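> I'd like to ask some things about the structure below.
The values are calculated or read from the model by the stated rules, or taken from the named source; none is laboratory data. This one's a predicted model, so the numbers in the text were calculated from it and none came from an experiment. All Cβ positions, glycine included, derive from the backbone under ideal geometry; neighbour counts span all protein chains shown.
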Amino acid sequence: MKIEYIYHSGFTVETDNYFLVFDYYKGKLNLKENRKIIVFSSHGHGDHFNAEVLEWKKEIQNIQYVLSSDIKVEPDSNIHLMEPYESLKIYDVSIHSFGSTDIGLSFLVNVDGKNIFFAGDLNWWLWPEDTEEEKETMERDLKEEIEKIKKYDIDIGFFPVDPRLRENYSLGGKYFIEQVKPKYFVPIHFWNKFSTTKAFAQNIKDPDTKIIEIYRENQIVEI
């Protein structure tokens with residue numbers, strides 16, 4: 001598989017037969033029209049969804065969309081809306097939705113024999129100004145969601161490492177790695193603060209997971 005970082009949480013994954021686009025909202029993107037294209041948007045926040053992606057279907061016939069139901073568009077033969085804990089099959093790609101600790105969804109995608117988990121805004125959002133009750137609720141909600149995911153063998157896990165959380169930026173990613181043990185961990189939601197992905201890769205060590213450091217836009221990683 002070939003993974004390309006676009007911007008923030010925007011990534012593409014190219015496999016033998018498919019070209020997947022996750023949470024694109026801006027950046028340089030070259031759609032591979034020699035593959036079947038599936039575009040995922042985990043929720044409608046402006047840093048995860050840009051309505052311009054829907055314009056692509058005017059030019060590309062073999063494109064499908066999998067969107068969280070909070071995104072207000074009309075479903076059609078190309079556009080599929082999902083709630084948490086639903087399953088969908090497009091071509092021979094199996095998609096299962098999980099919840100989030102913000103809004104929208106996270107996705108488990110089985111494509112060409114590999115399991116990809118894309119977290120969207122599922123994270124341990126522990127802000128310095130949070131009350132004790134808010135902190136306890138966030139921890140409980142994140143751990144309950146991870147418990148549902150950990151039964152699956154994940155080849156690639158995309159998960160937030162948001163620098164705005166300051167010293168707590170690695171909390172959710174570390175827990176995800178400890179519990180889910182993906183073969184590869186790809187940081188998302190870091191606003192081009194590449195030093196955050198470097199720090200995470202240096203500080204979080206697990207023998208079962210290789211952490212990918214992202215250091216520039218349109219960086220390509222082959223797995």
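> Identify, please: which residue in segment 186-219 is among the hydrophobic types (A, V, I, L, M, F, W, C) and within 17 Å of H8 (Cβ to Cβ) and is, among those, surrounded by the fewest Cβ atoms within 10 Å (Cβ to Cβ)?
Here is the first cut: in segment 186-219, the residues among the hydrophobic types (A, V, I, L, M, F, W, C) are 186, 188, 190-191, 194, 199-201, 204, 211-212, 214.
Next cut, within 17 Å of H8 (Cβ to Cβ) only: 186, 188, 190-191, 194, 200, 212, 214.
Details: V186: 27, I188: 27, F190: 21, W191: 13, F194: 17, F200: 24, I212: 19, I214: 23.
The residue in question is W191.
> Here are some residues: E14, E59, E52. Which one is surrounded by fewer than 21 Cβ atoms within 10 Å (Cβ to Cβ), under 21 Å from P75 (Cα atoms) and modelled with pLDDT of 95 or more?
Step by step, each of E14, E59, E52 is checked, and only E52 is surrounded by fewer than 21 Cβ atoms within 10 Å (Cβ to Cβ), under 21 Å from P75 (Cα atoms) and modelled with pLDDT of 95 or more.
> Looking at segment 155-182, which of the residues that are free of Cβ contacts under 8 Å to residues at least 40 places away in the same chain and outside any helix (DSSP H, G or I) is surrounded by the fewest Cβ atoms within 10 Å (Cβ to Cβ)?
Checked segment 155-182; the qualifying residue surrounded by the fewest Cβ atoms within 10 Å (Cβ to Cβ) is K181.
> Here's a follow-up. If I filter segment 97-117 down to residues being of a type in the set (V, I, T) and surrounded by 19 or more Cβ atoms within 10 Å (Cβ to Cβ), which single residue comes out as nearest to V180 (Cα to Cα)? Spell out how you get there, then give the answer.
Start the filter on segment 97-117 by keeping residues that are of a type in the set (V, I, T), which leaves 101, 103, 109, 111, 116.
Now restrict to residues that are surrounded by 19 or more Cβ atoms within 10 Å (Cβ to Cβ): 101, 109, 111, 116.
Values: T101: 17, V109: 15, V111: 19, I116: 12 Å.
Top of the filtered list is I116.
> So, one more: Might you check whether a residue that is part of a helix (DSSP H, G or I) and out of contact with any helix residue (DSSP H, G or I) (no Cβ under 9 Å at 6 or more places or on another chain) occurs anywhere in segment 203-214? Give the steps one after another, and end with the answer.
Step one: filter segment 203-214 for residues part of a helix (DSSP H, G or I), giving 203.
If we keep only those that are out of contact with any helix residue (DSSP H, G or I) (no Cβ under 9 Å at 6 or more places or on another chain) as well, we get none.
Checking segment 203-214: not a single residue is part of a helix (DSSP H, G or I) and out of contact with any helix residue (DSSP H, G or I) (no Cβ under 9 Å at 6 or more places or on another chain).
> Would you pick out the residues in segment 118-151 that are out of contact with any Phe, Trp or Tyr (no Cβ under 8 Å at 6 or more places or on another chain), under 15 Å from F107 (Cα atoms) and crowded, with 20+ Cβ neighbours inside 10 Å?
Scanning segment 118-151 gives a single hit, D121.
> Show the residue pairs meeting these rules: Cβ distance below 6 Å; 6+ apart or different chains; first residue within segment 3-28 and under 15 Å from V221 (Cβ atoms); second residue crowded, with 19+ Cβ neighbours inside 10 Å and charged (D, E, K, R).
G10/D23; T12/E4
> Quick check on segment 40-55: of everything there that is among the hydrophobic types (A, V, I, L, M, F, W, C) and in contact with a strand residue (DSSP E or B) (Cβ under 6 Å, 6 or more places away or on another chain), which residue is nearest to L20 (Cα to Cα)? Give the steps one after another, and end with the answer.
From segment 40-55, those among the hydrophobic types (A, V, I, L, M, F, W, C) are 40, 49, 51, 53-54; that's our starting set.
Next, only the ones that are in contact with a strand residue (DSSP E or B) (Cβ under 6 Å, 6 or more places away or on another chain) stay: 40, 49, 53.
Values: F40: 7, F49: 15, V53: 13 Å.
Among residues in segment 40-55 that are among the hydrophobic types (A, V, I, L, M, F, W, C) and in contact with a strand residue (DSSP E or B) (Cβ under 6 Å, 6 or more places away or on another chain), the one nearest to L20 (Cα to Cα) is F40.
> Going through segment 97-133 one residue at a time, which ones are of a type in the set (S, T, Y), in contact with an Asp or Glu (Cβ under 6 Å, 6 or more places away or on another chain) and part of a loop (DSSP other than H, G, I, E, B)?
S100, T101
> Of the residues that make up segment 77-96, is at least one surrounded by fewer than 18 Cβ atoms within 10 Å (Cβ to Cβ), modelled with pLDDT of 95 or more, touching a Gly at 6+ places or on another chain (Cβ under 8 Å) and assigned to a loop (DSSP other than H, G, I, E, B)?
yes
> Could I ask something else about it? From the set of residues in segment 17-36 that are out of contact with any helix residue (DSSP H, G or I) (no Cβ under 8 Å at 6 or more places or on another chain) and in a strand (DSSP E or B), which is surrounded by the most Cβ atoms within 10 Å (Cβ to Cβ)?
Kept after step one, since they are out of contact with any helix residue (DSSP H, G or I) (no Cβ under 8 Å at 6 or more places or on another chain), are these residues of segment 17-36: 17-20, 22-23, 25-30, 32-36.
From what is left, the residues that are in a strand (DSSP E or B) are 18-20, 22, 36.
Details: Y18: 20, F19: 21, L20: 24, F22: 27, K36: 19.
The extreme case among them is F22.
> Here is a follow-up. If a residue has to be over 20 Å from D112 (Cβ atoms) and acidic (D, E) to count, how many in segment 1-52 make the cut?
Residues that pass the stated criteria total 3.
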